[in-house]
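To start, the structure under review is shown below, and the notes come after it.
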Amino acid sequence: MEVFPVGASICVILAIVIAIWVHRGKKRTEALQAVASSLIFSFSKKADKSFVKMNSLDQFHLFSRGHSRKVLNVMTGRSKDIEVMIMDYWFTTGGGNNSRRWGQTITLFQCSRLRLPSFVVRPENIFHRVGSVFGYKDIDIDSHPIFSKQYLLRGVDEEAVRKLFAGELLKYYDDHKGLSTEGDGDRLIFYRSSRRVPPDGIQSFLEEGHEIVRLYMTEV
């Protein structure tokens with residue numbers, strides 16, 4: 001009986017995995033294009049390499065992380081009189097056997113009623129806690145220990161950031177785990193790290209983003 005070479009078997013398996021991945025990506029793009037149409041948003045299935053810099057997205061911490069960055073499935077339009085951009089964003093950290101690919105759906109809001117100091121708030125992990133020993137600055141809010149335990153909050157102007165994070169806004173983060181938000185001036189991005197929103201969840205994801213934007217407007 002002829003034995004199929006191990007190397008050939010691995011190649012076949014890899015080819016199948018890649019084919020499945022490509023097929024799923026194509027189906028996701030088609031579904032998101034339909035969502036964009038229902039929202040009356042424009043749609044682009046792939047952004048070119050200048051997209052991040054051209055849209056000044058590199059001012060946000062997320063877009064400075066890792067390498068091999070890619071923006072896909074970009075939906076752009078207006079929602080509730082606010083400029084909105086929804087996209088899938090991929091980047092890689094590490095290299096070789098230690099590399100990891102991160103993919104998340106991001107919503108960017110731009111509105112003149114947002115007047116935000118530059119800040120980043122995202123779930124805190126053990127590496128952030130260890131880093132604090134070596135000067136990795138985390139702004140803790142003493143009045144909200146749950147928030148300070150769950151989230152890492154950073155900003156250049158600490159006084160302005162502390163003034164912003166108060167009241168109803170802090171309570172929202174207390175009650176909702178896993179959020180990542182970055183703001184600067186009249187723009188704010190919202191996402192959950194390494195989570196792509198399914199096409200049928202985009203509408204609720206957008207509504208959640210609007211709720212967060214409303215809270216930031218209230219606090220300024």
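Computed about the Cα centre, the dipole magnitude for the stretch 20-129 is approximately 260 debye when only Lys and Arg (+1) and Asp and Glu (-1) carry charge, each at its Cβ. Do any of LYS27/LYS49; LYS53/LYS149; LYS26/LYS70; LYS80/LYS177; LYS27/LYS70 go past 27 Å between their Cα atoms, and which? Where the Cα-Cα span goes over 27 Å, the pairs concerned are LYS53/LYS149. Computed with a 1.4 Å probe over protein heavy atoms only, the accessible surface of the stretch 32-86 comes to 58 Å² per residue.
Averaged over its residues, the stretch 150-206 has an accessible area of 45 Å² per residue, based on protein heavy atoms and a 1.4 Å probe. Nonpolar atom fraction for the stretch 43-167, defined as the carbon and sulfur part of the 1.4 Å probe accessible area, stands at 52 percent. Three semi-axes describe the equivalent ellipsoid of the stretch 76-219; taken as square roots of 5 times the Cα gyration tensor eigenvalues and ordered largest first, they are 23, 22, 13 Å.
In terms of overall dimensions, the C-alpha atoms belonging to the stretch 142-220 reach 39, 27, 21 Å along their principal axes, ordered largest to smallest.
The values are calculated or read from the model by the stated rules, or taken from the named source; none is laboratory data. These figures come from a predicted structure and were not determined experimentally. Note: ideal-geometry Cβ built from the backbone for every residue, glycine included; neighbour counts use all protein chains shown. In case anyone asks, the SASA skips ligands and DNA or RNA and just uses the protein heavy atoms, side chains included. Shrake-Rupley method; radii C 1.70, N 1.55, O 1.52, S 1.80 Å.
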